[in-house]
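The values are calculated or read from the model by the stated rules, or taken from the named source; none is laboratory data. Computed from a predicted model, the values in this text were never measured in an experiment. Here the Cβ positions follow ideal geometry from the backbone for every residue, glycine too, while neighbour counts run over all protein chains shown. What goes into the accessible areas is simple: the full protein's heavy atoms, side chains included, and nothing from ligands, DNA or RNA. Shrake-Rupley method; radii C 1.70, N 1.55, O 1.52, S 1.80 Å.
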Amino acid sequence: MKYFFACVLSLVAWSGFAQTPSSSVGERSYWDLETGLLAKVGGDTPHDYLLVPTSLSWRSGEVFGWTFNGGSRVLVRNRLTLIAQYYVEGPETFYGGISGSPSLEWWDASGRFSVYAGVGGGFGWLDHQEDVVGAMGQSFTLNWFGKAGVSLEVAQNLELRLGVLFQHMSNGGMTEVNPGLDSLGGTVGVSWRF
């Protein structure tokens, strides 16, 4: 993750800063549909987990940003996400939730390629298994995530996305049983610009 941010900062420094009006990249909103595969990498639960997250996100137009000499841009958008997560392995079988975060994006001068990142969180519900030791402590669950990736426009108003997702889920200590689950994996998706 530190290498990702180092690359973004290097691109920003290399491009050279100049204040110019927003380009059309930031003026429009997006719908993103993404899915992936996450595996347990931490947490106190003794169970192995394999998760298939699927999300539908809305990204707003640009909230603020900068244009650099040469035309590349860094911008920030709002991001709201509906989450549906299937458990391939683990005591639970389904999680549904909502999350929010900023979307930090670097766009090349053509407006066809971007590098993105975001950190945020939210809440949701899962089918918690009260009779299974080490399962999530209750149905109401908090989520926190960090994600990064790349996006490439493949047709007018259509982009393909490839990313990495880290996710933490727990009940935030609301019950005595709070094993927590940290998972990491890859995501793929499509974006529609409107």
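Taking θ as phi - 60°, what are the ³J(HN,Hα) couplings along the range 187-194 by the Karplus curve (6.51, -1.76, 1.60), each to the nearest whole Hz, with x for Gly and Pro?
9, 9, x, 10, 10, 10, 8, 9
Take every Cα pair under 8 Å in the chain that's 6+ residues apart, average their separations, divide by the length, and report that relative contact order as a whole percent.
Details: 535 pairs, mean separation 40.8, N = 194.
It rounds to 21 percent for the chain.
Please report the carbon-and-sulfur percent of the accessible area for the chain; probe 1.4 Å, protein heavy atoms only, DNA, RNA and ligands left out.
Working: 6260 of 9470 Å².
Reported share for carbon and sulfur atoms: 66 percent.
Run through all the Cα pairs of the range 59-110 and give the fraction in each 5 Å bin from 0, expressed as whole percent.
Pair shares across the bins are 5, 17, 17, 14, 11, 10, 9, 8, 6, 2, 0.
Just to verify a number: FRET efficiency for Leu184 and Val63, C-beta to C-beta distance, R0 = 35 Å, to 0.05? Please list the in-between numbers first.
Values: r = 28 Å, r/R0 = 0.80.
So, using R0 = 35 Å, E works out to roughly 0.80.
By how many degrees, 0 to 90 and rounded to 10, does the Cα axis of helix 2-15 deviate from the longest principal axis of the chain?
Roughly 10 degrees between the two axes.
Measuring from label point to label point, each 7 Å out along Cα→Cβ, what is the Ala109 to Trp31 span in nm?
Going by the 7 Å Cα→Cβ label model, 3.4 nm.
Quick check on the range 25-91: take the gyration tensor over C-alpha atoms, sort the square-rooted eigenvalues as a ≥ b ≥ c, and tell me if it's rounded (a/c under 1.5), prolate or oblate.
Prolate, since a/c reaches 1.5 and a/b exceeds b/c.
Could you order Phe194, Phe68 by accessible surface area, starting with the largest, using a probe radius of 1.4 Å? It would help to have the intermediate numbers written out before the result.
On the way: Phe194 110, Phe68 10 Å².
Ranked list, largest accessible area first: Phe194, Phe68.
Using only C-alpha positions, report the orientation-averaged shadow area of the convex hull of the range 113-183, nm², one decimal.
Values: hull surface 23.5 nm².
One quarter of the hull surface, i.e. the mean projection, equals 5.9 nm².
Specify whether the C-alpha gyration tensor of the range 51-138 places it in the rounded, prolate or oblate class, a ≥ b ≥ c being the square roots of the eigenvalues: rounded for a/c under 1.5, otherwise prolate if a/b is larger than b/c and oblate if not.
prolate
Per residue, how many Å² of accessible area does the range 154-193 show with a 1.4 Å probe?
Details: 1900 Å² over 40 residues.
Accessible area per residue: 48 Å².
Given the -39500 (n - 2.57) contribution per DSSP H run of 4+ residues, what per-residue ellipticity at 222 nm results for the chain, rounded to the nearest 500 deg cm²/dmol? Please list the in-between numbers first.
Working: 2 runs with 18 residues, N = 194.
Mean residue ellipticity at 222 nm (helix-derived): -2500 deg cm²/dmol.
Length gain on complete extension for the stretch Val177 to Leu152, per 0.36 nm per residue less the alpha carbon to alpha carbon distance?
Working: separation 25, 0.36 × 25 = 9.00 nm, distance 4.30 nm.
My answer for the length gained is 4.7 nm.
Taking the chain as a Gaussian network, Cα atoms linked when under 10 Å apart, which of Gly122, Gly172, Gly180 shows the biggest mean-square fluctuation?
For the chain, modelled as a Gaussian network with Cα springs under 10 Å, the answer is Gly172.
So for the pair Thr93, Asp127, with labels modelled 7 Å out along Cα→Cβ, what separation do we get in nm?
My value for the distance between the label points is 0.3 nm.
Please state, as a whole number in µm²/s, the translational diffusion coefficient that the Stokes-Einstein equation yields for the chain at 10 °C and 1.306 mPa s, with Rh defined as the Kirkwood radius across alpha carbon pairs. Write out the running numbers ahead of the final one.
Details: Rh = 17.6 Å.
D = 90 µm²/s.
List the residues whose amide H sits under 5 Å from the amide H of Thr187, counting only those 5 or more places along or on another chain, with H placed 1.01 Å from N in the peptide plane.
When sequence neighbours closer than 5 places are left aside, the close amide H contacts are Gly163, Val164, Leu165.
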